[in-house]
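Notes for the one structure printed next.
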Amino acid sequence: MRSYRMYVAFSLVTVMLLSLFQFPDRSFAKGSLDVNADAAIIVEASTGKILYAKNEDTALGIASMTKMMTEYLMFEAIKDKKLKWDQKQTISEYAHLVSIDSSLSNVGLEVGKKYTIRELYEAMAIFSANGATIAIAEAIAGSESEFVKLMNKKAKELGLKDYKFVNSSGVNNRDLKGKHPKGTGPEDENVMSARATAKLASRLMKDYPEVLETSSIPRKEFRNLIGEMKNWNQMLPSLEYEYPGVDGLKTGTTDFAGRCFTGTAERDNMRVITVVMNAKDSNGMSSDRGRFGETKKMMEYAFSNFSIKEIFPENYKIKGHESLPVIKGKEKSVKIHSQAPLKIVIKNGEEKSYKPVFTEDKKKINKHGQVTAPLKKGEQVGTLGAVYKEGKDFGYLEKSYKPTVKVITAEKAEKANWFVLMMRGVGGFFSDIWTGVSNAVKGWF
């Protein structure tokens, strides 16, 4: 009996001691992830490799994440010298009326007053100011209606799928004071899929990396605004949900879209892009804690489980394709290997889960797998890629994209002189005759 009481007491003490420790979430170590949002995606920025996806091709409300497209068109207009940073835009009555709506994110803009494009852009990028966004749209296209046409056209050019833009800012059209763009409905709202949103963010940062200089600003004053513009991206340094490495990109909130966020962070020379749409907290409520908490979870998952690694080294010889037969050459074959190491984004510990794939250059290699001399050393004859052996993964933003490196000749293949070629031809002639005779003789018995 005494030993039993001692056993119970020991068990209780053990449980109490264990309860004092806060054990880390093992889901990252196991490589599993469940995001509490209607749709979500994680992408490695340099390659477009998708690390996680949930309902990624479903078009949903994007709210002010819309402004990434407005930013793209603004940067493009500046690059094409159709717009200047110090150019002054006169505020229309429409932009003014939206800008003084205190139920929306805004800085008040005075009708008839001039503001520089840079001022309007900072208000849009940092404070998600909707009136300022409309003013930029008008500066670029003359009217928001014409600007919306440019938005949809650019989306098509960028290869986006599952999208529809109806205004420049991302609010519901009902909030545009009866002045919503022509051809759109009074209750319409912008939609995109998580994949399309990530792809837009990727192109924005790739084509105009300076966007991060502004999206990373936590706070900034705006003329005579009482207080200061505080960035709605609360994962930036010094803000409520600060997370190391975050420097963008765009939040979005409407009743239709819920809490959304396109985030980006860089750590250990790897940048990730995350998108959550209608993210919820542990209570199932659409909230800032939900969108930033789920984004943190996604970023932790990406940085803890993935890295860019070399799976095949430079000068790699592909098994079964170490050389190619040569026609009209001094030598009958030429050695080949990879020109550079093949580096891809992989899950940690899965370096050996990929098999090499050699793709021939049909212009250099004939249907019989032969190349024709002469060939220089270092001449490309195909590409080296990789296939995941363990099953299907999430692929890439560009569904057709496959990471490859060049496969080149490791030596030169000189052309044989006419005498050698002639002798080979003669030898081949007699070889064919002998083969024919041998076959005929075999047929007699």
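The values are calculated or read from the model by the stated rules, or taken from the named source; none is laboratory data. Nothing here was measured: the structure is a model prediction, and the numbers come from that model. All Cβ positions, glycine included, derive from the backbone under ideal geometry; neighbour counts span all protein chains shown. Heads up: the accessible areas ignore ligands, DNA and RNA and are worked out on the full protein's heavy atoms, side chains in. Shrake-Rupley method; radii C 1.70, N 1.55, O 1.52, S 1.80 Å.
So what is the relative contact order of the chain, in percent, for Cα pairs below 8 Å that sit 6 or more residues apart?
Normalised by residue count, the contact order of the chain is 15 percent.
About its Cα centre, what dipole magnitude does the chain give when the only charges are +1 on Lys and Arg Cβ and -1 on Asp and Glu Cβ, stated in debye to the nearest 20?
1920
By its C-alpha gyration tensor, with a ≥ b ≥ c as the square roots of the eigenvalues, how is the chain shaped: rounded for a/c under 1.5, else prolate for a/b larger than b/c, else oblate?
Verdict is oblate for the chain.
Fully extended, how many nm does the chain gain between ARG219 and ASP34 (0.36 nm per residue separation, minus their Cα-Cα distance)?
Stretched fully, the ARG219-ASP34 segment lengthens by 63.4 nm.
Rounded to whole Å and sorted largest first, list the principal axis extents of the Cα atoms in region 210-308.
So the extents along the principal axes, rounded to whole Å, are 47, 34, 20.
Fully extended, how many nm does the chain gain between GLU322 and LYS177 (0.36 nm per residue separation, minus their Cα-Cα distance)?
Answer, rounded to one decimal: 45.3 nm.
Starting from the Cα of ASN55, step 7 Å along the direction of its Cβ; do the same at ILE365; then give the gap between the two resulting points in nm.
With each label point 7 Å from Cα toward Cβ, the separation is 4.5 nm.
Tilt of helix 130-141 relative to the longest C-alpha principal axis of the chain, in degrees (0 to 90, nearest 10)?
50
Please give the calculated 222 nm ellipticity per residue for the chain, where each DSSP H segment of at least 4 residues contributes -39500 (n - 2.57) and the sum is spread over every residue; nearest 500 deg cm²/dmol?
That calculation yields -10500 deg cm²/dmol at 222 nm.
In whole percent, what relative contact order does region 267-325 give with Cα contacts below 8 Å and a gap of six or more residues?
Relative contact order here is 27 percent.
Distance in nm between label sites at GLU146 and GLU187, each 7 Å beyond Cα in the beta-carbon direction?
Computed distance between label sites GLU146 and GLU187 equals 3.2 nm.
Which percent of the accessible heavy-atom area of the chain goes to carbon and sulfur, probe 1.4 angstrom?
Here carbon and sulfur together make up 53 percent of the probe-accessible area.
Checking the a/c ratio against 1.5 first, then a/b against b/c, what shape does the Cα gyration tensor give for region 171-252?
oblate
For GLU314 and GLU110, what does the FRET efficiency come to when R0 = 51 Å and r is the distance between their Cβ atoms, rounded to the nearest 0.05?
Rounded to the nearest 0.05, the efficiency is 0.25.
With the Cα gyration tensor of region 90-152 giving a ≥ b ≥ c as the square roots of its eigenvalues, does the rule (a/c under 1.5 for rounded; else a/b larger than b/c for prolate; else oblate) give rounded, prolate or oblate?
Because its axes are fairly even, with a/c under 1.5, region 90-152 counts as rounded.
Taking R0 as 30 Å, what FRET efficiency do you get between TYR208 and GLN380 from their Cβ-Cβ distance, rounded to the nearest 0.05?
0.40
Once each part is reduced to its C-alpha centroid, what is the distance from region 167-217 to region 50-102 in angstrom?
Cα centroid to Cα centroid, the span is 5 Å.
Quick one: which of LYS67/LYS399; LYS156/LYS309; LYS206/LYS367; LYS376/LYS399 span more than 31 angstrom between C-alpha atoms?
On the way: LYS67/LYS399 25 Å; LYS156/LYS309 33 Å; LYS206/LYS367 39 Å; LYS376/LYS399 34 Å.
Exceeds cut-off: LYS156/LYS309; LYS206/LYS367; LYS376/LYS399.
Using the heavy atoms of the protein chains and a 1.4 angstrom probe, tell me the accessible area per residue for the chain in square angstrom.
Values: 23450 Å² over 445 residues.
Per residue, the chain has an accessible area of 53 Å².
Provide Rg and Dmax in Å for region 58-198, with only Cα atoms included in the calculation.
Every Cα atom of region 58-198 included, Rg and Dmax give 13.9, 41 Å.
Report, to the nearest 10°, how far helix 117-127 tilts away from the longest principal axis of the Cα atoms in the chain, using its own Cα long axis and a range of 0 to 90°.
Long axis of 117-127 versus the principal axis of the chain: about 90 degrees.
Taking 8 Å as the Cα distance limit and 6 or more residues as the minimum spacing, I'd like the relative contact order of region 38-157 as a percentage. Don't jump to the answer; show the numbers that get you there.
Working: 154 pairs, mean separation 24.4, N = 120.
With pairs under 8 Å counted, the relative contact order is 20 percent.
Using 0.36 nm per residue of separation minus the Cα-Cα distance, give me the extension gain between SER102 and ILE226 in nm, one decimal.
Length gained, SER102 through ILE226: 43.3 nm.
Please identify, among ASN224, ASN106, ASN130, the residue showing maximal mean-square fluctuation in a Gaussian network model of the chain using a 10 angstrom Cα cutoff.
Ranking ASN224, ASN106, ASN130 by mean-square fluctuation puts ASN224 first.
Too long at a 18 Å Cα-Cα cut-off: which of LYS199/LYS220; LYS355/LYS392; LYS79/LYS230; LYS154/LYS179; LYS343/LYS363? Intermediate results must be reported in sequence, preceding the final value.
Details: LYS199/LYS220 28 Å; LYS355/LYS392 14 Å; LYS79/LYS230 28 Å; LYS154/LYS179 23 Å; LYS343/LYS363 26 Å.
Flagged as over cut-off: LYS199/LYS220; LYS79/LYS230; LYS154/LYS179; LYS343/LYS363.
Once the convex hull of the alpha carbons of region 285-426 is built, what does its volume come to per residue, in cubic angstrom?
Once divided by residue count, the hull of region 285-426 is 131 Å³.
Testing the spin-label approximation: label points 7 Å from Cα along Cα→Cβ at GLN87 and LYS392. State their distance in nm.
4.6
Arrange the peptides 373-379, 342-348, 63-69, 270-276 so that the one whose residues have, on average, the most other Cβ atoms within 10 Å appears first.
Working: 373-379: 14.9, 342-348: 18.1, 63-69: 28.0, 270-276: 26.0.
The peptides rank, most packed first, as 63-69, 270-276, 342-348, 373-379.
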